[in-house]
Every structure is written in C-alpha cells, then in structure tokens.
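For reference, the structure discussed in these notes is given below.
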C-alpha cells in the first residue's frame with residue numbers, strides 16, 4: 001500500500017467533521033433558508049439521511065474490497081477500461097470540488113478581511129500549509145485534526161452561547177406551516193454536502209480498528225447534522241426572514257455579539273474557525289485526490305504528486321467561478337445534482353455491480369466446487 | 001618517483017576517509033602490542049612511548065618485598081595519593097613471601113583498597129590510567145593491577161541553577177557521572193535500575209551511561225537508544241548537547257525532541273514512567289527520551305504542590321505558552337489590519353500613543369523584540385558584576401527613553417515585556433528558545449496577512465508538531481493520537497492517587513504504577 005500510516009476510526013470521524021462543516025457554515029444557512037424559510041433547521045435532519053447512506057455505501061464497498069480505495073476498486077469492479085474511465089472521472093470531479101472549496105475560502109477571506117490582497121496569495125498560502133500536511137501523510141492529518149477540531153467546535157458553540165440573549169423564539173413559528181415540502185426542498189443543498197462523506201472510502205482501508213469504522217462514521221454524520229441544526233436554528237432565531245438575504249449569516253451573527261462593551265467583534269473568531277476548518281477540509285480532499293491520483297497511475301509513492309496537484313488546485317479554484325455570486329448560484333442550483341450523482345449515484349452503481357459480481361463468483365465457485 | 005606517487009596516493013586516501021585513518025592511527029599505537037609483556041622494562045618502554053611528552057604521567061618504581069620490581073603509573077592530580085601510599089605501596093613494600101608473587105593473591109590478600117582489578121592489555125592500562133586509576137605493573141607478570149583510587153577535583157552537589165523549585169529536592173546533577181548515577185540510585189534503590197556505560201569520542205573517551213528500569217522501559221526503545229548512541233563517531237563530547245544532536249529524530253525542527261534536566265528527581269520520575277535517561281560525563285545535563293511537547297511544559301513542582309494548584313499553574317503555563325508565541329504578532333496584526341476588533345476607547349488611547357511613532361507596527365515590534373532578545377542574551381553572558389548594569393541600561397533603553405523620545409509606543413513596550421515574562425514562565429529553557437525563534441516569522445506573516453497569517457502559521461506549527469516523533473513516540477501524544485485516560489495528567493494535574501497508569505506509549509509494558517482505591521476517605525467506622 002502507498003500509505004503506510006494507520007489512523008483510528010475516531011480520528012477519521014474527527015477529520016470528517018470539519019471536512020463537511022467548514023464550508024457549510026458560510027453559505028449554506030442562507031441557501032437553505034431561501035427554500036425552507038423558518039423550517040430551515042429541519043432540513044439538515046433530512047439531509048443527514050444521505051450522509052448515513054454514503055457512509056454505509058463506503059463501508060459496504062470497503063467490506064468487499066477491504067484494502068482498496070475508491071479509485072482502486074473502480075478497476076476491480078468495472079474492469080480495466082471502464083474502471084479507468086470512471087476513475088478518471090472521479091479524479092477530475094475531486095479536482096473540481098477541491099478547487100471550489102479553495103475558491104470559497106479565497107472569496108470569503110477576500111470579501112471580509114483582506115480586501116486588497118490578490119486572490120492567488122490567499123489561496124496559495126493556504127495551499128502551501130495544506131501541502132505541508134498532505135506531505136506528512138494520513139497520520140499527520142489525523143493528529144492535526146485531533147488538535148484543531150475540538151478547539152473549533154468549542155469556539156463555534158461559544159459563539160452561539162454568546163448569542164442566546166438576542167434570540168427571538170417567535171421567528172421559528174409556525175413550524176412546518178406549509179407541511180414538509182419546504183424543509184425537504186431546503187435539504188437538497190445540504191444533501192450535496194452530506195454526500196461528501198463518500199470520501200471516507202479513501203480512509204477506510206487505513207483504519208487501525210476497521211470494525212468501529214461504521215459506528216464512528218455515523219457519529220461523524222450525526223455531529224455534522226447537530227452543528228448544522230444549531231447553526232440554522234440560531235440564524236433563523238436571530239435574523240428571521242432576513243437570513244436568506246445575507247451572504248454569510250454566521251459571520252453577521254458573530255458581528256452581532258456585544259457583551260459588556262468588551263466582547264465585541266468576534267468575527268475574528270469566526271475567521272479563525274473558518275480558516276482552521278477549511279484547512280482540515282482542503283487537506284482531506286487534497287490528500288484523497290493526491291492518493292487517488294497516485295493509485296490511478298499505480299505510483300509507488302504519492303509524495304511527488306503533492307506540489308503539482310497543489311498548483312492545479314489553486315488554478316482550478318480561480319477558474320471554477322469568476323465571482324462569489326456565480327459560485328453561490330452554482331452551489332444553490334445545479335451543484336446539488338452534480339455532487340449527488342458523483343458521490344451517491346456512482347457509488348451505488350459500483351456497489352450493485354460489485355454485489356452482482358461477488359454473487360456470480362460465489363455461484364460459479366459453488367458450481368465448480 | 002614511484003615512492004612519491006605512493007605517497008600521493010596515501011595522502012589521497014587519507015583525505016578520502018579521515019575517520020578511517022584516525023581509527024588506524026589509534027590501533028597502530030594500541031593493538032600492535034595488545035597484551036602486556038612479562039618484561040617490566042619493555043612494558044615501561046612502550047608505555048613511555050605512548051605517553052610521550054605527557055609530563056603529568058608519573059612513573060614510580062618500587063620493589064615488592066625488596067626483590068620483585070614493580071612500577072606504579074598514574075596521572076598527577078587524578079588519583080588519591082594518600083590512599084595509594086597507605087593501601088598499595090606500603091603493604092607491597094613490606095611484603096614478606098616474595099617468591100609467591102601472584103596477582104590473584106596480591107589482589108585477594110595484600111592490597112587494602114576496596115576496588116582493584118587485573119588488567120592485561122595496554123588498552124586497558126591506558127584507559128585506567130587516563131580515567132585516574134593508578135596501575136601497578138609487576139616484573140614477570142603478564143597482568144597488571146589497576147587500583148580504583150581515582151580522585152579529582154569536582155564540584156559539590158549543588159542546587160540546580162536552570163531549574164529551581166520552591167518545594168522539592170535541592171540537589172542537582174554535577175559534572176561527574178559517578179555522582180550523578182549515585183543520585184539516581186539513591187532515589188531508585190531497586191536492582192531493576194540498570195546503568196549501562198559506554199565510551200564515546202575517539203580522543204575524549206567520554207563516559208556515557210544509559211539508565212533504564214528493567215521491566216518498565218520498552219525493550220525496543222532501549223535497543224534503539226543503544227543503536228543510535230553506538231553510531232556516534234566523533235573526536236570528543238563536551239556536553240550532552242553533542243549527543244542530543246546526533247540522536248534526535250528531526251534535526252531541523254525548532255522544537256527540542258529530547259528533554260534535558262539537571263534534576264535527579266525529574267530523571268528518576270522519567271525512569272519510573274518507562275523512559276530512558278542518558279547521562280554524559282562532564283556535564284550536569286542528562287537527556288531523557290522519548291519526550292513529548294507536554295513534558296516540556298511541565299515542571300517538577302507540579303507534582304509536589306497540591307493537585308489543584310498544580311492544575312491551575314499548568315493552565316497558566318499553557319496560556320502563557322500561547323502568549324509568548326502569539327502576543328507580539330497579534331498586536332501587529334490587529335493594529336495593521338483589524339482595528340475594528342479593539343474597543344473604541346482602547347483604540348483611541350493606543351492611537352494617541354502611536355501618534356508620534358515613525359514606524360509601522362511591524363517594524364516597531366521587530367525593533368523592540370530584537371532589542372529585548374539582545375538584552376537577554378547580554379544578561380546571560382556577562383559576568384555577574386556587570387549584569388546589573390545591563391539591566392539598568394536595558395530598562396532605560398527599551399523602557400523610558402524609547403517611549404519618551406517617541407521611537408516606540410508605550411503599548412508596544414508593554415507587549416514586549418509581557419511576552420518576555422511569558423517566555424520566562426516556560427519551565428524548559430530549550431522550549432522557550434524555540435518559541436523565541438518562531439515568534440519572528442509569525443510576526444512577519446501577521447504584518448503581511450493579518451490574523452489570517454497568524455492562523456496559517458499556527459496551523460503550520462501544529463502540522464509540524466504532528467509530524468514530529470521522539471524515538472518513535474508522537475510528539476503531541478497523548479493529545480494526538482488521543483488517549484483520554486491520560487488527559488488527567490496533561491489538561492489537569494490529577495491527584496497522585498488517581499494517576500494510576502503510566503503514559504501508555506512509554507509505560508505500556510508495565511501499565512499500573514499503584515493499586516486502586518487509595519484516595520483519602522473517612523475511616524469506615526466513623527459517624
């Protein structure tokens with residue numbers, strides 16, 4: 001195997017939490033609120049079903065091919081030619097998705113903090129740090145996130161704690177005024193985020209305790225769902241119908257905090273959370289991409305791929321959308337189908353073929369034996 | 001012509017592999033006549049040629065029982081001469097039964113010194129003489145006797161200078177390895193405490209001891225320490241710092257991966273946690289492997305004061321660790337990029353004090369930090385009598401005068417001072433210098449990218465720390481990889497009766513250090 005390191009299932013769960021959540025907390029509350037209105041806090045619960053489903057998919061595929069990642073078992077399931085085609089599709093998909101994440105990061109920092117700094121510096125500096133972590137390997141990424149993520153979650157919850165006195169519970173009512181439809185509609189965009197959980201299929205082969213993989217995967221989905229619900233409830237209670245008009249509701253909420261004339265302007269904390277969380281997210285995707293590419297070309301080491309792919313990611317980031325509005329529009333409309341078809345559709349397809357193959361082989365085996 | 005070419009060739013190979021030729025040089029002197037010969041005159045001749053131009057080597061000839069010739073060799077000032085007269089020379093001279101001169105009998109019956117061993121090769125003799133033990137060579141004997149009467153001037157056991165405590169033992173290691181091992185042996189009396197010695201350094205022949213507790217330390221760890229020490233080929237070891245650089249895992253990390261201490265209590269406690277201690281003759285600083293980041297932030301006193309105080313002091317130390325790393329850069333970042341974060345009144349007063357300052361915040365911070373570092377360095381190196389002058393001048397320069405002349409602002413002076421205090425609050429000097437070093441690149445990033453720069457550098461440091469290992473143990477353990485049961489000795493300092501297990505990465509071999517249920521509780525029959 002290319003990756004020598006092992007991580008524990010708990011480390012994987014910790015890693016996956018910001019890998020989903022980091023970009024969710026910026027744009028998604030507004031996008032969800034657009035469709036679901038005051039019911040936007042229910043949407044993540046529906047959406048998390050997709051999260052459980054993808055983790056289950058990854059787990060079942062891993063059961064069949066315990067030591068292979070997604071890219072590797074594409075070949076085994078679909079045969080040489082088709083496998084290579086689907087593998088290449090996946091790699092391009094991840095290149096694009098990671099580029100989008102890089103762009104989201106760059107646009108946010110550019111729009112809120114460093115308005116005069118060139119985009120390439122902002123994205124490039126982040127990519128250097130991420131490359132450093134990816135170069136260290138899976139164990140290093142796991143350990144980093146173990147240090148970073150608990151602090152992040154704590155800070156994140158503190159922000160909501162400080163907002164409690166400004167929340168107006170009336171904003172939430174009436175619950176399900178128009179039935180389930182708005183919240184279900186609102187769940188489509190979060191679903192695409194939850195489907196990103198399929199990336200665990202790159203980590204399952206390297207778990208030290210594989211039997212706990214599914215359990216911790218589910219715990220991770222639950223934690224993401226929980227934090228998303230909290231985010232949406234708070235933004236809805238704080239801004240009401242205004243939420244859908246804001247670009248970064250959580251950011252504005254943090255600006256709202258003012259306690260004792262001293263605890264003010266906590267958006268820097270949001271920035272810290274956001275940067276650290278995005279770091280984990282980019283690193284996880286970047287790592288999977290690098291590992292997948294190395295496995296696709298059957299290289300003996302993935303480290304030589306780290307820098308070239310890092311460059312590509314910065315470029316893809318800058319190319320993927322000309323500005324934030326277009327990006328937000330893409331994420332709110334067609335992206336959901338794009339993400340879901342790659343992250344849920346193809347894996348289901350793979351699993352079906354794999355199951356048929358295994359059954360067929362068993363039958364053949366029992367007939368000949 | 002041919003000879004010249006040969007010479008040239010020789011010269012070339014010499015340059016090619018200096019270490020090899022140095023080894024050969026040594027063997028030329030020593031191995032040619034490895035065993036002592038039975039003729040005393042010949043032995044003397046060879047030894048004198050080896051110790052040519054060594055005026056401190058003393059040769060004392062005498063007759064055993066008025067007949068057999070004997071030669072005593074020692075180095076002036078390294079041996080206990082009174083003891084030698086009383087216990088070696090006088091009994092031998094007064095010996096009666098001359099014909100039966102036999103080394104074994106001499107050793108067993110005649111010599112009234114407690115430590116005497118036979119030596120049979122020149123290498124042995126030289127080693128013994130060089131380490132201060134006089135050697136007696138006797139005519140017609142192929143063995144000599146080395147007498148353990150080495151005694152030289154050494155510093156007494158004093159209070160350790162670099163790690164002082166309010167409550168706790170006041171003994172510190174000295175420059176003599178024998179004294180240091182005794183200090184450990186007095187704390188851990190079990191024969192399970194093993195002390196392996198080796199000599200490192202072609203010329204210095206420095207004694208290095210590996211200490212561990214058999215049954216607690218991981219066998220593979222001991223093996224690894226042995227291997228890494230065995231690989232060192234150098235001319236001399238002056239301090240354990242030499243060895244540290246040879247055996248650490250990542251030589252280019254700013255963070256020390258090996259703990260050094262001059263406190264025997266810390267060394268003993270580490271031994272009991274299953275770690276290995278390396279002692280080097282000639283320095284009071286012994287090395288402890290493996291080390292984690294958290295042990296660099298702990299002081300011995302954490303465990304001697306009461307648990308709650310220990311916990312609070314630890315928290316204080318952790319927060320000041322961050323302050324020492326990030327305060328100047330945060331100040332720069334906030335003043336340059338994020339003024340809106342500062343409450344208005346504070347911002348106004350800062351702005352007022354910065355009104356006359358001609359530099360941007362980054363330059364101001366750099367000037368002050370560099371001055372402070374220089375001042376600190378000067379304060380350490382200067383003779384004690386001049387030291388106070390430095391602090392007076394320094395206080396004037398970076399305090400009063402700089403502010404009143406308008407070169408730096410008063411808040412900046414405060415920031416530098418607090419940073420200084422924070423870095424002094426870290427108990428390990430080598431951890432504190434790592435922070436001092438890292439502060440400057442972070443300041444640059446803060447001056448160019450603001451808080452984002454600080455976050456990125458912080459993440460980079462965390463990534464770097466996660467890649468580090470010290471003798472196979474992850475540097476951030478037990479935090480990453482997470483071991484929940486050990487958090488009570490990292491985030492807290494739990495009372496001793498609840499610290500039941502050793503750290504699992506070094507002490508997994510023998511997990512429990514005490515029995516259960518020892519927490520104080522009221523006696524059962526009380527009402």
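Return the Rg/Rh value of region B:33-147, two decimal places, where both radii are evaluated on C-alpha atoms and Rh is the Kirkwood radius.
Working: Rg = 12.9 Å, Rh = 14.0 Å.
Taking Rh as the inverse mean 1/r over Cα pairs, Rg/Rh reads 0.93.
In 20 Å bins starting at 0, how do the alpha-carbon pair distances of the protein assembly as shown split up by percent?
Binned Cα distances yield the sequence 12, 33, 31, 16, 7, 1, 0.
Just to check, using Stokes-Einstein with a Kirkwood Rh over alpha carbon pairs, what's the diffusion coefficient of chain B at 25 °C and 0.890 mPa s in µm²/s?
The Stokes-Einstein estimate is 88 µm²/s.
Stretch residue B:86-residue B:396 to full length: gain in nm at 0.36 nm per residue minus the Cα-Cα span? Could the numbers behind the result be given before it?
Working: separation 310, 0.36 × 310 = 111.60 nm, distance 6.29 nm.
Once the chain is fully extended between residue B:86 and residue B:396, it gains 105.3 nm.
Once the Cβ-Cβ distance between residue B:170 and residue B:363 is put in as r, and R0 is 45 Å, what FRET efficiency do you end up with, to the nearest 0.05?
Efficiency computed from Cβ-Cβ geometry: 0.50.
Using 7 Å Cα-to-Cβ label points, what is the residue A:63/residue A:247 separation (nm, one decimal)?
Taking the simple label geometry, residue A:63 and residue A:247 are separated by 4.6 nm.
With the crude spin-label approximation of a point 7 Å out along Cα→Cβ, what separation in nm comes out for residue B:512 versus residue B:155?
With each label point 7 Å from Cα toward Cβ, the separation is 4.3 nm.
How many nm is it between the label spots at residue B:112 and residue B:418, if each spot is 7 Å from the Cα in line with the beta carbon?
Modelled inter-label distance: 7.2 nm.
Please list, short to long, the whole-number percent of alpha-carbon pairs of region B:177-291 in consecutive 10 angstrom bins beginning at zero.
14, 50, 32, 4
May I ask you to compute the full-extension gain from residue B:186 to residue B:352, defined as 0.36 nm times their residue separation minus their alpha-carbon distance, rounded to one decimal in nm?
Contour length minus Cα-Cα distance gives 53.6 nm.
Roughly how compact is region B:110-203, stated as its Cα Rg over 2.2 N^0.38 Å to two decimals? Walk me through the numbers before you get to the answer.
Numbers: Rg = 17.7 Å, N = 94, 2.2 N^0.38 = 12.4 Å.
Relative to the rule-of-thumb radius for its length, region B:110-203 sits at 1.43.
How many angstrom separate the Cα center of region A:138-210 from the Cα center of region B:34-73?
84
Computed FRET efficiency, Cβ-Cβ of residue A:212 and residue A:358, R0 35 Å: what is it to the nearest 0.05?
Given R0 = 35 Å and the Cβ-Cβ separation, E is 0.90.
Note down the relative contact order for chain B as a percent, whole number, built from C-alpha pairs under 8 angstrom at least six residues apart.
RCO, chain B: 12 percent.
Report the Cα centroid-to-centroid distance between region B:476-524 and region B:149-164 in angstrom, as an integer.
34
What Kirkwood hydrodynamic radius, in Å, does region A:9-368 give when the mean of 1/r is taken over all pairs of distinct Cα atoms and then inverted?
Value: 21.0 Å, from the Cα pair sum.
When you take every Cα atom in region A:1-151, what is the radius of gyration, and what is Dmax, the widest Cα pair distance, in Å?
Using the Cα atoms of region A:1-151, the pair Rg, Dmax is 18.2, 51 Å.
Any idea what log10 I(q)/I(0) is at q = 0.18 Å⁻¹ for region B:399-527, Debye with uniform C-alpha scatterers and no solvent?
-1.16
What does the extension gain come out to for residue A:258 and residue A:311, with contour length at 0.36 nm per residue minus their alpha carbon separation?
15.0 nm
Using only the alpha carbons of region B:301-453, determine the length spanned along each of the three principal axes and report them from longest to shortest in whole angstroms.
Cα spread of region B:301-453 along its principal axes, largest to smallest: 49, 39, 27 Å.
What base-10 log of the normalised intensity I(q)/I(0) is obtained for region A:1-74 from the Debye formula, alpha carbons as equal point scatterers, at q = 0.12, 0.20, 0.25 Å⁻¹?
Evaluating at q = 0.12, 0.20, 0.25 Å⁻¹ gives log10 I(q)/I(0) of -0.50, -1.01, -1.25.
Separation of region A:320-337 and region A:56-77 by C-alpha centroid, Å?
Taking the Cα centre of region A:56-77 as reference, the centre of region A:320-337 is 31 Å away.
Since every read-out is calculated from the coordinates, none of them should be taken as a lab result. None of these values were measured; they are calculated from a predicted model. Cβ atoms come from the backbone with ideal geometry, glycine included; neighbour counts cover every protein chain shown.
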